[in-house]
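Engineer: Before we start, here is the structure in question, set down as structure tokens.
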Amino acid sequence: RIMLGNLGKNLTKTMKKLAGMAIIDEEVVKEVIKDIQRALIQSDVNIKLVLNLSKTIEDRSLNEEPPKGVTPKEHVVRIVYEELVNLLGSSAQEVEIDKRPYKILFMGLQGSGKTTSIGKLTKYLQKKGFNPAIVSTDTWRPAAYEQLLQLTEPMNVPVYGDHENKDALDLARTGLKAAKKNDVIIVDTAGRHKEESDLLAEMESLSTIVDPDEVIMVIDGTIGQQAGEQALAFNNATKIGSIIITKLDGSAKGGGALSAVAEIGAPIKFIGTGERVEDFEAFDPDRFISRLLG
Ligand code: GDP
């Protein structure tokens with residue numbers, strides 16, 4: 001179950017409290033909003049976003065006429081729910097494999113969960129009937145190739161790489177050629193360099209060589225609001241971008257990461273909810289909130 005630290009627990013408690021109220025008046029609405037504010041701020045959601053959400057919930061709850069057949073209480077519950085969903089933005093399109101091979105370039109800082117997410121996406125695509133291959137171009141972490149091999153061993157997919165080769169561009173070229181019969185090619189990249197500018201320069205060169213149909217950035221959800229800046233930097237550097245936010249299982253700062261990335265309009269496509277390959281899902285704000293409150 002997704003909890004995001006105590007966010008799920010606290011919001012569920014608030015919704016229960018609301019459901020138990022005999023009457024809904026301004027005082028009750030304000031009390032509920034206070035609880036929601038506290039819960040969201042604890043989860044590192046940006047204060048400005050929290051205040052906007054509070055104001056909208058208050059305005060709508062006190063001024064909107066409930067639709068026919070809906071009690072004032074149900075109406076407020078619905079408003080809170082809708083505004084929490086709005087905080088997470090709209091749902092991104094799933095990966096749409098519209099040509100073969102469909103090339104996906106993965107980027108992300110070391111430790112973000114990039115390698116794990118590649119394993120997860122591979123499994124996800126296999127389940128959908130695709131036949132993916134992986135190309136490893138990380139020349140900075142010698143173990144990256146082995147980690148990919150290990151991770152994907154049960155999935156029986158080709159992983160192309162060579163830990164002796166220190167030329168990422170050459171690895172990309174060779175790997176793409178070898179994998180050209182597969183319908184999806186996932187290209188892994190380095191997560192660090194001596195300098196960040198070198199890393200970005202390498203990503204640019206790789207982008208040119210790979211000519212990706214989709215660039216996916218992996219962001220660690222435990223960094224909270226900073227995820228917004230990371231996504232923004234990435235969005236400015238590449239045109240076609242979607243985002244995977246990892247480690248949302250248990251992370252107390254996950255609410256901050258999700259809302260910050262949603263606020264800048266970057267498409268969150270998948271989320272990582274654990275260390276196992278199965279702990280991965282397409283991101284849908286509506287379903288996410290309903291499970292958080294579930
Ligand atoms: P990389 O350096 O970006 O390739 O990161 P890795 O894929 O090696 O992941 C770094 C650590 O984060 C590993 O211990 C993973 O098991 C862990 N990890 C990755 N994704 C998740 C996730 O969604 N939830 C949790 N709890 N751990 C994760």
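Engineer: How many of the residues making up region 237-253 are more than 10 Å from the ligand (Cβ to nearest atom) and in contact with a helix residue (DSSP H, G or I) (Cβ under 9 Å, 6 or more places away or on another chain)? Write out each step before concluding.
Structural biologist: Of region 237-253, the ones more than 10 Å from the ligand (Cβ to nearest atom) are 237-243, 252-253.
This time we only want the ones that are in contact with a helix residue (DSSP H, G or I) (Cβ under 9 Å, 6 or more places away or on another chain), so: 237-238, 241, 243, 252-253.
The total comes to 6.
Engineer: On the basis of being acidic (Asp, Glu) and outside any helix (DSSP H, G or I), does residue 275 make the cut?
Structural biologist: Answer is yes for this residue.
Engineer: Hey, can you tell me all the residues within region 14-45 that are surrounded by 12 or more Cβ atoms within 10 Å (Cβ to Cβ), of a type in the set (A, V, I, L, M, F, W, C) and closer than 22 Å to residue 4 by Cβ?
Structural biologist: Result: 15, 18, 32, 33, 36, 39, 40, 41, 45.
Engineer: Follow-up. Of the residues 115, 208, 152, only one is away from the ligand (no atom under 16 Å from the Cβ) and assigned to a helix (DSSP H, G or I); which?
Structural biologist: Details: 115 fails: away from the ligand (no atom under 16 Å from the Cβ); 152 fails: away from the ligand (no atom under 16 Å from the Cβ).
Among 115, 208, 152, only 208 is away from the ligand (no atom under 16 Å from the Cβ) and assigned to a helix (DSSP H, G or I).
Engineer: Another question, then. Can you pull out every residue in region 234-254 that is open to solvent by 60 Å² or more (accessible area, probe 1.4 Å) and modelled with pLDDT of 80 or more?
Structural biologist: If we filter region 234-254 for residues that are open to solvent by 60 Å² or more (accessible area, probe 1.4 Å), which is where we start, we get 236-237, 239-240, 247, 249, 253.
Matches in region 234-254: 247, 249, 253.
Engineer: Let me spell it out: the conditions are (1) open to solvent by less than 70 Å² (accessible area, probe 1.4 Å); (2) within 11 Å of the ligand (Cβ to nearest atom), and residue 170 meets all of them except one. Which number is the exception?
Structural biologist: (2)
Engineer: Additional query: Restricting region 256-276 to residues that are at pLDDT 95 or above and more than 13 Å from the chain's Cα centre (by Cα), which is nearest to the ligand (Cβ to nearest atom)?
Structural biologist: 275
Engineer: Give just the number: which of (1) part of a helix (DSSP H, G or I); (2) in contact (Cβ under 8 Å) with a residue 12 or more places away in the chain does residue 24 not satisfy?
Structural biologist: (1) is the only condition that residue 24 fails.
Engineer: Would you be able to tell me the number of residues in region 27-83 that are under 19 Å from residue 289 (Cα atoms) and in a loop (DSSP other than H, G, I, E, B)?
Structural biologist: 4
Engineer: Might you check whether a residue that is away from the ligand (no atom under 16 Å from the Cβ), open to solvent by 50 Å² or more (accessible area, probe 1.4 Å) and under 19 Å from residue 121 (Cα atoms) occurs anywhere in region 177-194?
Structural biologist: yes
Engineer: Going through region 213-228 one residue at a time, which ones are touching a strand residue (DSSP E or B) at 6+ places or on another chain (Cβ under 6 Å) and either closer than 11 Å to residue 261 by Cα or surrounded by fewer than 22 Cβ atoms within 10 Å (Cβ to Cβ) (or both)?
Structural biologist: If the condition is that a residue be touching a strand residue (DSSP E or B) at 6+ places or on another chain (Cβ under 6 Å) and either closer than 11 Å to residue 261 by Cα or surrounded by fewer than 22 Cβ atoms within 10 Å (Cβ to Cβ) (or both), then 213, 214, 219, 221, 227 are the ones that fit.
Engineer: Among the numbered criteria (1) without any contact (Cβ under 8 Å) to a residue 40 or more places away in the chain; (2) open to solvent by 20 Å² or more (accessible area, probe 1.4 Å); (3) of a type outside the set (Val, Ile, Thr), which one does residue 231 miss?
Structural biologist: (2)
Engineer: Quick check on my filter: what residues within region 118-147 are of a type in the set (A, V, I, L, M, F, W, C), at pLDDT 95 or above and within 13 Å of the ligand (Cβ to nearest atom)?
Structural biologist: 118, 121, 134
The values are calculated or read from the model by the stated rules, or taken from the named source; none is laboratory data. Everything quoted here is computed from the prediction, not taken from an experiment. Every residue, glycine as well, gets a Cβ built from its backbone with ideal geometry; the counts of neighbours run over all protein chains shown. Note: areas computed on protein heavy atoms with side chains; ligands, DNA, RNA excluded. Shrake-Rupley method; radii C 1.70, N 1.55, O 1.52, S 1.80 Å.
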